[in-house]
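K.L.:
If you scroll down you'll find the structure; I have some questions about it.
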Amino acid sequence: MSRFRNAVVVLAVAALLAGCSQGEPKAAPELPARICWGAFSGPEVNRLLAPAEKVSHTARHFAPADAGDETSCAVYADRATSFLAGAELLGSEGDAERELWRYPDALPLDVGRGGSVRNGGATTYFACRPAASLTGSGKYLALDIDFTGVPDEAKAQDALPGLLKDFMAFAERELDCA
C-alpha cells in the first residue's frame, strides 16, 4: 500500500507542477547572436518579441545592386511573422519619398533621409550606388523594419531608432555605397 501511496503522491506533485508551469508565461524565444545578414543583434530583437515555443528566421541574400532589387529577412515566433526587415534599391529620390507616404501617421526620425518611426515600425532611405551595380540604375536604398504582436509596444518604439541606424550602417558597409 505504501508504494501505491508514494506513486499517488508523486503523480499529484507532478500534476501540480505541470499546472503551475502552464499558468506561467512562456520564455522568450532564443535567437542567434546576430540575425538578418548579421545586421541586427539577436538578443536585442529577442527581447522585443512575444513569448513563443519556437522561433526561426529566414533571410534572402542581401545584394541589391540595381533599381528594383529588394531583399528581406523575417523572424517567426510560433510560425507567425514577428519581425521583418526589408531593403529595396530605387532609381530616384522621388521613388524613395513615395515609399514613405505609405505611413502618413509616422513621426520624423533623424536617420538617413526622411527617416520616420510609426507604431510598430520604422523606415528611411539614403543615397547609395552599390559597388556591385551592373547598370548604375539604383541610386537610393529604402529600408523598412516592422514588428507585429510585440508584448510591449513602448519598448519596441524605443528600440526602433537604434535598430534602423544599425540596419543603415550595415547596408552602407555591405553594399559599399558610393
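Computed from the coordinates by the stated procedures, all read-outs in this text should not be read as laboratory data. Everything numeric in this text was worked out from a predicted model, so none of it was measured. Backbone-built Cβ (ideal geometry, glycine too); neighbour counts: all protein chains shown.
K.L.:
What are the ³J(HN,Hα) couplings of region 118-135, residue after residue, when phi is run through the Karplus curve with 6.51, -1.76, 1.60 and θ = phi - 60°? Round to Hz, x for glycine and proline.
P.N.:
Running phi through 6.51 cos²θ - 1.76 cosθ + 1.60 with θ = phi - 60° gives 9, 4, x, x, 8, 8, 6, 8, 7, 5, 7, 10, x, 4, 7, 5, 8, 10 Hz.
K.L.:
Please state the charge dipole magnitude for region 20-178, taken about the Cα centre, from unit charges on C-beta atoms (+1 on K and R, -1 on D and E), reported in debye and rounded to the nearest 20.
P.N.:
180 debye
K.L.:
OK, next. Take the alpha-carbon positions of region 49-178, form their convex hull, and give its projected area averaged over all directions (one quarter of the hull surface) in nm².
P.N.:
Directional mean of the projected Cα hull area for region 49-178 stands at 7.6 nm².
K.L.:
What is region 60-104 by shape, rounded, prolate or oblate, if you read a ≥ b ≥ c off the alpha carbon gyration tensor as root eigenvalues and call it rounded for a/c under 1.5, prolate for a/b larger than b/c, and oblate otherwise?
P.N.:
Since a/c reaches 1.5 but b/c is at least a/b, the shape of region 60-104 is classed as oblate.
K.L.:
Would you mind counting up the charge near LEU89? Only other residues with Cβ under 11 Å from its Cβ, with Lys and Arg at +1 and Asp and Glu at -1.
P.N.:
Net charge in that neighbourhood comes out at -3.
K.L.:
Starting at 0 and stepping by 10 Å, how many percent of the alpha carbon pairs of region 121-178 end up in each bin?
P.N.:
22, 43, 23, 11, 1
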